[in-house]
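One structure is given below, encoded as C-alpha cells.
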Amino acid sequence: MLHGGASGLLAGAGELAGGLRQARFALTASRTLAPAETRLTATEELRTLDALLAGLPAEVRAAYSAHTLGPLMAAGGSRRMLLETLETFLAHNGSWARTAEALHLHVNTVHYRVQRIEQLTGRDLARLDHRLDLRAALSCR
C-alpha cells in the first residue's frame with residue numbers, strides 16, 4: 001500500500017526541519033491507522049489521542065503498553081477479565097453503574113475489579129491523568 005504524511009503549512013525555509021519531522025510523524029500515523037489502505041495523512045488530521053499515538057514508532061507504543069499494562073498482563077487467568085473491565089470502565093467515563101450494566105455485573109463486582117486494577121498498575125482510576133495513562137496504554141496495544 002502507498003502511504004504519505006504531510007506537515008502543516010510552513011512560514012518559511014527556517015521551518016523545513018520541523019515540517020519534515022511533522023511529515024514523518026504523519027506518515028507513521030498513516031501506516032498505523034490504515035495499514036491496508038492507500039492513505040495520505042496530514043498532521044492536522046491527528047486530533048485524537050489514538051491518532052496522536054499512531055504516529056509513534058511501533059516499538060515505542062509496544063514498550064509503553066507493556067510497561068503500563070504489564071502487571072495486568074501478568075495477572076494469569078484474570079488478565080482478560082481485568083482488561084475488559086478497564087476498557088469498559090474507561091469507555092463509560094468511570095461510571096460504575098454503566099460499566100456494571102455493560103458487563104452484566106453487579107456494581108460491587110466492578111468496584112472489586114477496579115480496585116484490583118489499581119493495585120496491580122499502581123494507578124488511581126479516580127485521577128484523570130492515571131485514566132489517561134491507562135487509556136493510552138490500551139490504545140498502544
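The values are calculated or read from the model by the stated rules, or taken from the named source; none is laboratory data. Just so it is clear, the model here is predicted, and its values are computed rather than measured. Because the Cβ atoms are built from the backbone with ideal geometry, glycine has one as well, and the counts that use them run over all protein chains shown. Ligands, DNA and RNA are excluded from the accessible area calculation, which covers all protein heavy atoms including side chains. Shrake-Rupley method; radii C 1.70, N 1.55, O 1.52, S 1.80 Å.
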Subject >> Any chance residue 70 is surrounded by fewer than 15 Cβ atoms within 10 Å (Cβ to Cβ), touching a helix residue (DSSP H, G or I) at 6+ places or on another chain (Cβ under 9 Å) and within 14 Å of residue 137 (Cα to Cα) >> reply: yes
Original post:
All but one of (1) touching a helix residue (DSSP H, G or I) at 6+ places or on another chain (Cβ under 8 Å); (2) part of a loop (DSSP other than H, G, I, E, B); (3) under 28 Å from residue 91 (Cα atoms) hold for residue 29; which doesn't?
Top reply: (2)
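Just to verify a result, which residue in region 11-34, among those that are among the aliphatic types (A, V, I, L, M) and open to solvent by less than 70 Å² (accessible area, probe 1.4 Å), is modelled with the highest pLDDT?
So the residue we want is 17.
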Subject >> Any hit, region 60-67, residues being free of Cβ contacts under 8 Å to residues at least 24 places away in the same chain and more than 30 Å from residue 22 (Cβ to Cβ) >> reply: no
**OP:** Test each condition in (1) touching a Leu at 6+ places or on another chain (Cβ under 9 Å); (2) open to solvent by less than 40 Å² (accessible area, probe 1.4 Å); (3) of a type outside the set (A, V, I, L, M, F, W, C); (4) within 24 Å of residue 1 (Cα to Cα) for residue 65 and report the one that comes out false.
**Re:** (4)
Original post:
Out of region 82-141, which residues are touching a Lys or Arg at 6+ places or on another chain (Cβ under 7 Å), in a helix (DSSP H, G or I), open to solvent by less than 40 Å² (accessible area, probe 1.4 Å) and in contact (Cβ under 8 Å) with a residue 24 or more places away in the chain?
Top reply: 82, 85, 90, 134, 140
Original post:
Which of (1) farther than 30 Å from residue 6 by Cβ; (2) surrounded by fewer than 14 Cβ atoms within 10 Å (Cβ to Cβ); (3) among the acidic types (Asp, Glu) is the odd one out, the single condition residue 37 does not satisfy?
Top reply: (1)
